[in-house]
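The values are calculated or read from the model by the stated rules, or taken from the named source; none is laboratory data. Predicted, not measured: the structure shown is a model, and the values here were computed from it. Here the Cβ positions follow ideal geometry from the backbone for every residue, glycine too, while neighbour counts run over all protein chains shown.
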Amino acid sequence: MTSEHLKFSYRVLLSLARTPPFNRGLARRFWMNFFQKRIKHAIKTTYRGIPFFFNVDNTTELKGLFNYYNVKETDFLVGISHSDSPTFIDIGANSGFYSQIFIYHASPCAKVISIEPNPAMCERIKKNISLVEDIIRTRTHYFALEDCAAGSEECVMHLELDSGLGSAHIVNNPTPSSVEVKVRKLTDILRKHNIESINALKIDVEGFEDKVLMPFFREAERSLYPRYIFIEHTSDNSWSADLWGYLMDIGYKEILRTRGNSILQISEPNTLPNLIG
(Lines give C-alpha, C1' and ligand atoms only; values in the text may rest on other atoms or scores of the structure.)
Protein backbone atom coordinates (compact mmCIF):
# COMPACT_ATOMS: atom_id res chain seq x y z
CA MET A 1 0.00 0.00 0.00
CA THR A 2 1.40 3.42 -0.97
CA SER A 3 1.94 6.29 1.45
CA GLU A 4 -1.02 8.16 -0.02
CA HIS A 5 -3.28 5.13 0.39
CA LEU A 6 -2.18 4.82 4.01
CA LYS A 7 -2.93 8.49 4.69
CA PHE A 8 -6.39 8.09 3.12
CA SER A 9 -7.06 4.97 5.20
CA TYR A 10 -6.10 6.73 8.42
CA ARG A 11 -8.31 9.72 7.55
CA VAL A 12 -11.25 7.36 7.08
CA LEU A 13 -10.51 5.59 10.36
CA LEU A 14 -10.11 8.88 12.20
CA SER A 15 -13.47 10.07 10.89
CA LEU A 16 -15.03 6.84 12.16
CA ALA A 17 -13.26 7.14 15.52
CA ARG A 18 -14.73 10.62 16.02
CA THR A 19 -18.30 9.46 15.36
CA PRO A 20 -20.68 8.28 18.14
CA PRO A 21 -20.74 5.67 19.53
CA PHE A 22 -17.16 4.91 18.42
CA ASN A 23 -15.75 7.95 20.26
CA ARG A 24 -16.76 6.91 23.77
CA GLY A 25 -15.37 4.79 26.59
CA LEU A 26 -13.49 1.66 25.63
CA ALA A 27 -13.94 2.35 21.92
CA ARG A 28 -12.20 5.71 22.29
CA ARG A 29 -9.34 4.08 24.20
CA PHE A 30 -9.00 1.48 21.46
CA TRP A 31 -8.70 4.14 18.78
CA MET A 32 -6.18 6.17 20.79
CA ASN A 33 -3.97 3.09 21.23
CA PHE A 34 -4.45 2.18 17.58
CA PHE A 35 -3.20 5.55 16.32
CA GLN A 36 -0.39 5.81 18.87
CA LYS A 37 1.06 2.50 17.69
CA ARG A 38 0.84 3.26 13.99
CA ILE A 39 1.26 7.00 13.44
CA LYS A 40 4.67 8.65 13.91
CA HIS A 41 4.00 11.97 12.22
CA ALA A 42 1.78 14.97 12.89
CA ILE A 43 -1.78 14.63 11.60
CA LYS A 44 -3.27 17.70 9.95
CA THR A 45 -6.96 17.87 10.82
CA THR A 46 -9.44 20.05 12.67
CA TYR A 47 -10.71 20.35 16.22
CA ARG A 48 -14.33 21.47 16.08
CA GLY A 49 -13.63 23.25 12.81
CA ILE A 50 -10.27 24.76 13.84
CA PRO A 51 -7.19 23.62 11.88
CA PHE A 52 -4.43 21.88 13.84
CA PHE A 53 -1.44 19.62 13.53
CA PHE A 54 -1.84 16.93 16.19
CA ASN A 55 0.89 14.54 17.34
CA VAL A 56 0.04 11.30 19.12
CA ASP A 57 3.05 11.40 21.51
CA ASN A 58 1.43 14.13 23.63
CA THR A 59 -1.75 13.58 25.67
CA THR A 60 -3.16 17.04 24.96
CA GLU A 61 -2.79 16.62 21.22
CA LEU A 62 -3.97 13.01 21.22
CA LYS A 63 -7.19 13.97 22.99
CA GLY A 64 -7.61 16.95 20.68
CA LEU A 65 -7.26 14.61 17.74
CA PHE A 66 -10.39 12.80 18.94
CA ASN A 67 -12.32 16.05 19.53
CA TYR A 68 -12.88 15.74 23.25
CA TYR A 69 -10.11 17.57 25.13
CA ASN A 70 -11.30 20.16 27.72
CA VAL A 71 -14.58 20.81 25.92
CA LYS A 72 -16.26 22.81 28.70
CA GLU A 73 -13.19 24.97 29.21
CA THR A 74 -12.71 25.72 25.53
CA ASP A 75 -16.42 26.44 25.03
CA PHE A 76 -16.14 29.02 27.81
CA LEU A 77 -12.99 30.46 26.24
CA VAL A 78 -14.73 30.86 22.90
CA GLY A 79 -17.60 32.68 24.62
CA ILE A 80 -15.33 35.30 26.17
CA SER A 81 -13.22 35.75 23.02
CA HIS A 82 -15.91 37.88 21.40
CA SER A 83 -15.40 41.01 23.50
CA ASP A 84 -13.78 44.13 22.04
CA SER A 85 -10.05 43.68 21.37
CA PRO A 86 -9.73 40.72 23.75
CA THR A 87 -6.41 39.61 25.28
CA PHE A 88 -5.48 36.04 26.21
CA ILE A 89 -2.34 34.92 28.06
CA ASP A 90 -1.51 31.22 27.71
CA ILE A 91 1.06 30.12 30.31
CA GLY A 92 2.30 26.60 29.71
CA ALA A 93 0.88 26.73 26.19
CA ASN A 94 2.00 23.18 25.29
CA SER A 95 1.31 22.81 21.55
CA GLY A 96 -0.82 25.97 21.48
CA PHE A 97 -4.24 24.31 21.81
CA TYR A 98 -5.94 27.07 23.83
CA SER A 99 -4.12 29.86 21.97
CA GLN A 100 -5.21 28.51 18.59
CA ILE A 101 -8.85 28.24 19.66
CA PHE A 102 -8.88 31.79 21.00
CA ILE A 103 -7.23 33.21 17.87
CA TYR A 104 -9.67 31.41 15.59
CA HIS A 105 -12.78 32.75 17.32
CA ALA A 106 -11.65 36.11 18.73
CA SER A 107 -12.99 39.50 17.75
CA PRO A 108 -10.71 41.74 15.66
CA CYS A 109 -7.57 43.18 17.25
CA ALA A 110 -7.18 40.34 19.73
CA LYS A 111 -3.85 39.81 21.47
CA VAL A 112 -2.55 36.36 22.34
CA ILE A 113 0.71 35.67 24.17
CA SER A 114 1.76 32.01 24.34
CA ILE A 115 4.39 31.23 26.98
CA GLU A 116 6.08 27.85 26.60
CA PRO A 117 9.63 26.80 27.64
CA ASN A 118 9.79 23.42 25.89
CA PRO A 119 11.65 23.83 22.56
CA ALA A 120 9.77 20.91 20.97
CA MET A 121 6.41 22.43 21.90
CA CYS A 122 7.46 25.86 20.66
CA GLU A 123 8.07 24.36 17.21
CA ARG A 124 4.61 22.77 17.29
CA ILE A 125 3.03 26.09 18.27
CA LYS A 126 4.70 27.75 15.28
CA LYS A 127 3.38 25.06 12.93
CA ASN A 128 -0.13 25.37 14.30
CA ILE A 129 -0.08 29.16 14.09
CA SER A 130 0.92 28.87 10.43
CA LEU A 131 -2.51 27.34 9.81
CA VAL A 132 -4.33 30.49 11.01
CA GLU A 133 -2.02 33.16 9.61
CA ASP A 134 -4.79 34.43 7.31
CA ILE A 135 -7.09 34.93 10.30
CA ILE A 136 -4.36 36.75 12.24
CA ARG A 137 -3.74 39.05 9.29
CA THR A 138 -7.34 39.79 8.25
CA ARG A 139 -8.57 40.38 11.80
CA THR A 140 -5.43 42.32 12.73
CA HIS A 141 -4.70 40.00 15.64
CA TYR A 142 -1.43 40.21 17.55
CA PHE A 143 0.27 36.92 18.40
CA ALA A 144 3.57 36.37 20.19
CA LEU A 145 5.36 33.25 21.37
CA GLU A 146 7.64 33.57 24.39
CA ASP A 147 9.99 30.57 24.53
CA CYS A 148 10.52 30.68 28.26
CA ALA A 149 8.91 29.76 31.56
CA ALA A 150 7.15 32.31 33.74
CA GLY A 151 8.33 32.63 37.35
CA SER A 152 9.13 34.93 40.24
CA GLU A 153 12.41 36.26 38.82
CA GLU A 154 14.54 36.26 35.70
CA CYS A 155 16.87 33.28 35.87
CA VAL A 156 17.72 29.91 34.34
CA MET A 157 16.08 26.70 35.53
CA HIS A 158 15.55 23.22 34.14
CA LEU A 159 12.55 21.59 32.48
CA GLU A 160 12.17 17.92 33.39
CA LEU A 161 10.94 15.85 30.45
CA ASP A 162 11.00 12.33 31.91
CA SER A 163 7.22 12.16 32.40
CA GLY A 164 6.33 13.10 28.82
CA LEU A 165 5.71 16.22 26.77
CA GLY A 166 2.38 17.03 28.40
CA SER A 167 3.74 16.71 31.96
CA ALA A 168 7.06 18.53 31.63
CA HIS A 169 7.77 20.54 34.78
CA ILE A 170 10.29 22.97 36.19
CA VAL A 171 12.99 21.64 38.55
CA ASN A 172 15.78 23.50 40.31
CA ASN A 173 18.63 21.15 39.42
CA PRO A 174 19.54 19.50 36.11
CA THR A 175 18.87 15.81 35.46
CA PRO A 176 19.81 13.56 32.52
CA SER A 177 16.33 14.08 31.07
CA SER A 178 16.00 17.84 31.63
CA VAL A 179 16.76 20.84 29.42
CA GLU A 180 17.89 24.29 30.47
CA VAL A 181 15.23 26.99 30.03
CA LYS A 182 14.94 30.70 30.57
CA VAL A 183 12.58 32.01 33.25
CA ARG A 184 11.07 35.49 33.09
CA LYS A 185 8.69 37.42 35.31
CA LEU A 186 5.17 37.54 33.96
CA THR A 187 4.98 41.30 34.48
CA ASP A 188 8.09 41.74 32.33
CA ILE A 189 6.60 39.61 29.54
CA LEU A 190 3.36 41.60 29.59
CA ARG A 191 5.22 44.90 29.62
CA LYS A 192 7.28 43.81 26.61
CA HIS A 193 4.07 43.30 24.59
CA ASN A 194 2.27 46.40 25.89
CA ILE A 195 -0.48 44.38 27.56
CA GLU A 196 -2.69 46.72 29.61
CA SER A 197 -5.64 44.44 30.38
CA ILE A 198 -6.32 40.71 30.25
CA ASN A 199 -9.63 39.05 29.46
CA ALA A 200 -8.41 35.55 30.25
CA LEU A 201 -5.26 33.87 31.51
CA LYS A 202 -4.74 30.11 31.28
CA ILE A 203 -2.05 28.48 33.39
CA ASP A 204 -1.01 24.83 33.32
CA VAL A 205 2.55 24.48 34.60
CA GLU A 206 2.45 21.22 36.56
CA GLY A 207 2.62 22.48 40.13
CA PHE A 208 4.51 25.73 39.46
CA GLU A 209 1.34 27.85 39.37
CA ASP A 210 1.90 29.47 42.76
CA LYS A 211 5.45 30.48 41.78
CA VAL A 212 4.05 32.33 38.77
CA LEU A 213 0.82 33.89 39.97
CA MET A 214 1.54 35.07 43.51
CA PRO A 215 4.58 37.18 42.53
CA PHE A 216 2.59 38.54 39.59
CA PHE A 217 -0.33 39.69 41.71
CA ARG A 218 1.98 41.23 44.30
CA GLU A 219 3.60 43.37 41.61
CA ALA A 220 0.89 44.07 39.04
CA GLU A 221 -1.58 46.93 39.00
CA ARG A 222 -5.18 45.93 39.59
CA SER A 223 -6.00 46.94 36.03
CA LEU A 224 -3.83 44.04 34.88
CA TYR A 225 -5.64 41.37 36.89
CA PRO A 226 -7.19 38.85 34.44
CA ARG A 227 -10.97 38.85 34.43
CA TYR A 228 -10.90 35.04 34.13
CA ILE A 229 -8.26 32.52 35.14
CA PHE A 230 -8.21 28.98 33.76
CA ILE A 231 -6.05 26.97 36.16
CA GLU A 232 -5.20 23.29 36.42
CA HIS A 233 -6.08 22.06 39.91
CA THR A 234 -4.70 18.52 39.70
CA SER A 235 -1.20 19.61 40.79
CA ASP A 236 -2.21 21.87 43.68
CA ASN A 237 -0.64 19.46 46.19
CA SER A 238 2.71 20.55 44.76
CA TRP A 239 2.15 24.22 45.61
CA SER A 240 4.28 25.55 48.43
CA ALA A 241 1.76 28.28 49.29
CA ASP A 242 -2.02 28.54 49.61
CA LEU A 243 -2.68 29.86 46.12
CA TRP A 244 -6.41 29.08 46.32
CA GLY A 245 -6.81 31.14 49.46
CA TYR A 246 -4.72 33.95 48.04
CA LEU A 247 -6.81 34.15 44.86
CA MET A 248 -10.04 34.17 46.86
CA ASP A 249 -8.67 36.94 49.10
CA ILE A 250 -7.89 39.23 46.17
CA GLY A 251 -11.36 38.84 44.70
CA TYR A 252 -11.58 35.68 42.59
CA LYS A 253 -14.31 33.07 42.85
CA GLU A 254 -14.64 29.69 41.17
CA ILE A 255 -17.42 29.61 38.58
CA LEU A 256 -16.66 26.29 36.87
CA ARG A 257 -14.76 23.13 37.87
CA THR A 258 -14.05 20.18 35.61
CA ARG A 259 -12.02 17.03 36.16
CA GLY A 260 -8.74 18.86 35.54
CA ASN A 261 -9.34 22.61 35.67
CA SER A 262 -11.05 25.45 37.46
CA ILE A 263 -12.25 28.70 35.93
CA LEU A 264 -12.12 31.69 38.26
CA GLN A 265 -13.74 35.08 37.78
CA ILE A 266 -12.68 38.26 39.54
CA SER A 267 -15.08 40.61 41.27
CA GLU A 268 -15.66 44.05 39.80
CA PRO A 269 -12.70 46.37 40.53
CA ASN A 270 -14.59 48.54 42.97
CA THR A 271 -15.37 45.52 45.16
CA LEU A 272 -11.81 44.18 45.38
CA PRO A 273 -10.21 44.16 48.83
CA ASN A 274 -7.10 46.30 49.22
CA LEU A 275 -4.66 43.49 50.04
CA ILE A 276 -1.74 44.30 47.79
CA GLY A 277 0.57 46.96 49.09
**Asked** Out of all the residues in region 53-72, is one or more part of a strand (DSSP E or B) and within 26 Å of VAL212 (Cα to Cα)?
**Response** no
**Asked** What number of residues within region 238-266 satisfy the criterion of being under 14 Å from PRO226 (Cα atoms), outside any loop (DSSP other than H, G, I, E, B) and touching a helix residue (DSSP H, G or I) at 6+ places or on another chain (Cβ under 8 Å)?
**Response** 3
**Message:** Looking at ALA120, ALA149 in this structure, which one is small (Gly, Ala, Ser), within 17 Å of the chain's Cα centre (by Cα) and more than 27 Å from GLU196 (Cβ to Cβ)?
**Reply:** ALA120
**Item:** Among the candidates PHE143, PHE216, PHE230, residue that is of a type in the set (Phe, Trp, Tyr), touching a Leu at 6+ places or on another chain (Cβ under 9 Å), crowded, with 18+ Cβ neighbours inside 10 Å and assigned to a strand (DSSP E or B)
**Value:** PHE230
**Message:** One residue is enough: does region 38-57 have a residue meeting the conditions closer than 14 Å to ALA200 by Cβ and surrounded by fewer than 19 Cβ atoms within 10 Å (Cβ to Cβ)?
**Reply:** no
**Asked** Does GLU133 satisfy the condition of being in the same structural domain as LYS202 (by TED's automatic domain parsing), among the acidic types (Asp, Glu) and touching a residue at least 24 places away in the same chain (Cβ under 8 Å)?
**Response** no
**Message:** Just to be sure I understand the filter: pairs with C-beta atoms under 7 Å, separated by 6 or more residues or on different chains, first member in region 204-217 and assigned by TED's automatic domain parsing to the domain that holds ALA93 and of a type in the set (Asp, Glu), second member assigned to a helix (DSSP H, G or I) and surrounded by fewer than 24 Cβ atoms within 10 Å (Cβ to Cβ). Which pairs pass?
**Reply:** GLU206/SER167; GLU209/LEU243; ASP210/LEU243
**Request:** Among what's in region 99-117 and is touching a Phe, Trp or Tyr at 6+ places or on another chain (Cβ under 9 Å) and part of a loop (DSSP other than H, G, I, E, B), pick the residue that is nearest to HIS158 (Cα to Cα).
**Result:** ALA110
